[in-house]
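One structure is given here, and the rest of the page talks about it.
The values are calculated or read from the model by the stated rules, or taken from the named source; none is laboratory data. Keep in mind that what you see is a predicted model, and the values were worked out from it rather than measured. FYI the Cβ positions are ideal-geometry reconstructions off the backbone, even for glycines, and counts take in every protein chain you see. Note: accessible area is taken over every heavy atom of the protein model, side chains too, but ligands, DNA and RNA are not part of it. Shrake-Rupley method; radii C 1.70, N 1.55, O 1.52, S 1.80 Å.
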Amino acid sequence: MNKNEIIEILKLKDADDIYKKADKIRRESCGNFVHLRGLVEFSNFCKRNCIYCGINSKNKNVKRYRLSEKEILNALQRADKLGFKTIVLQGGEDDYFNINRMCKIIENVKSLGFALTLSLGEKTKEEYKAYKDSGADRYLLRIETTDEKLYQKLHPGADFKNRLKCIYELKNLGYETGTGIMTGLPGQSIESIANDILFFKKVEADMIGIGPFISHKDTPLKDFPCGTFELALKVTALTRIILPDINIPATTAMETLLKNGRKIALKSGANVVMPNITPKTCAKKYSIYPNKQGINALDTSSLNLLKEEIASIGDRISEDFGTSLHYKK
Ligand code: SAM
């Protein structure tokens, strides 16, 4: 699909055929499985100032927290009991978690037999290498937008070229590498989203996370409208069509924008769900946007509901690590 074809689809009012096509491709390429990843949001301290994000350093209304080693361990033990095979450790850019602290946490997660995804933002090559040497398997670093000018406006003090460099460093270090974007950002054009999708292919991503921008009252973007569910869904479906065998989460932001959003995304190309296993009081404080769904610490009954939802669309929860098929081949 070339850029013009992508743009035409992004402009469609009714994209049902595209959703059906993406669903068919996902089932042919990845099977009728949904991979679960247990998400631990272990720190909401952040030194960055992304103007869309509720935990940016300038927001004084956030109660900041860091999970202790014990709290992380408790979350992991619960994840293990629930049968999770993969953990995602996500946090703001928090220098308290220096190389030594981070590597110790990584070793603990790996000693319990999980596959581990990190999502810690921009780090030095040495840090990425140390995490990899300690056992981390995967890394998620959304490019957010490939429109460099827009990127610079949204991220004061940050450097688009560095973010790009980080993504390539992660790939070169052998991580299963995930990237992605927000859709419906103020100032983002349909053309730039088409470029983003082509970028996913160029970078040969193993995972792509797509979420609508959701406006947060304590950020400079508070007066801008949220992105639409439909646009995020079209980008999800197009990404599946262009990259048939990658992992694509049905993101929390999609469920936040629309009840059943997760299920709709799973029927339109997505094949991963990331239930939040952060202790409930802290998950509330990880308020990157308002009304974040799925922040109740997961228990057996909510997992059963999720299983039912997944069964209702003809899928099962996968029992393996959900390793990128690029690495399995
Ligand atoms: N610090 C890490 C990083 O920069 O990749 C990980 C944490 S960051 C909070 C995780 C993701 O949250 C970002 O990649 C961004 O796309 C998403 N996010 C932040 N604020 C958002 C908002 N207002 N609406 C939708 N997504 C948002």
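Residue count for the stretch 23-67, restricted to those that are of a type in the set (D, E, K, R), under 16 Å from K267 (Cβ atoms) and either within 14 Å of the ligand (Cβ to nearest atom) or out of contact with any Pro (no Cβ under 9 Å at 6 or more places or on another chain) (or both): 3. Close Cβ contacts (under 8 Å, 6 or more residues apart or on different chains) running from residues in the stretch 159-170 that are among the hydroxyl-bearing types (S, T, Y) to residues that are surrounded by fewer than 20 Cβ atoms within 10 Å (Cβ to Cβ) comprise Y168/V203. Restricting attention to the stretch 285-308, report how many residues are within 26 Å of L221 (Cα to Cα) and at pLDDT 90 or above. Adding up the residues that qualify gives 6. Within the stretch 110-122, residues that are within 16 Å of the ligand (Cβ to nearest atom) reach partners that are hydrophobic (A, V, I, L, M, F, W, C) and part of a helix (DSSP H, G or I) with beta carbons closer than 9 Å, at six or more positions or on different chains, in the pairs L116/I106; L116/V109; L118/M102; L118/I106; L120/M102; G121/C166; E122/C166. The criterion of at least 3 residues that are open to solvent by 50 Å² or more (accessible area, probe 1.4 Å) and touching a helix residue (DSSP H, G or I) at 6+ places or on another chain (Cβ under 8 Å) is met by the following helices (runs of 4 or more DSSP H) wholly inside the stretch 243-329: 261-266. Taken over the stretch 206-242, residues that are in a loop (DSSP other than H, G, I, E, B) and either in contact with a Lys or Arg (Cβ under 9 Å, 6 or more places away or on another chain) or away from the ligand (no atom under 14 Å from the Cβ) (or both) amount to 7.
When T300, T281 are screened for being farther than 19 Å from F42 by Cα and of a type in the set (S, T, N, Q), only T300 passes.
A count restricted to the stretch 163-183 and to residues that are within 14 Å of the ligand (Cβ to nearest atom) and more than 11 Å from K125 (Cα to Cα) stands at 10.
Being outside any helix (DSSP H, G or I) and closer than 25 Å to T86 by Cα is the filter here, so list the residues in the stretch 14-40 that pass it. Matches in the stretch 14-40: G31, N32, F33, V34, H35, L36, R37, G38, L39, V40. Residue check: is L82 more than 13 Å from V40 (Cα to Cα), in contact with a Pro (Cβ under 9 Å, 6 or more places away or on another chain) and either among the basic types (K, R) or away from the ligand (no atom under 16 Å from the Cβ) (or both)? So L82 passes the test. Within the stretch 49-66, the residues that satisfy the criterion of being surrounded by fewer than 21 Cβ atoms within 10 Å (Cβ to Cβ) and either touching a helix residue (DSSP H, G or I) at 6+ places or on another chain (Cβ under 8 Å) or not in a loop (DSSP other than H, G, I, E, B) (or both) are I51, V62, K63, R64, Y65, R66.
Residue-by-condition table, conditions (1) closer than 15 Å to R26 by Cβ; (2) not hydroxyl-bearing (S, T, Y):
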| position | (1), (2) |
| --- | --- |
| T239 | yes, no |
| A250 | yes, yes |
| E255 | no, yes |
| L258 | no, yes |
| K280 | no, yes |
| Y289 | no, no |
| E308 | no, yes |
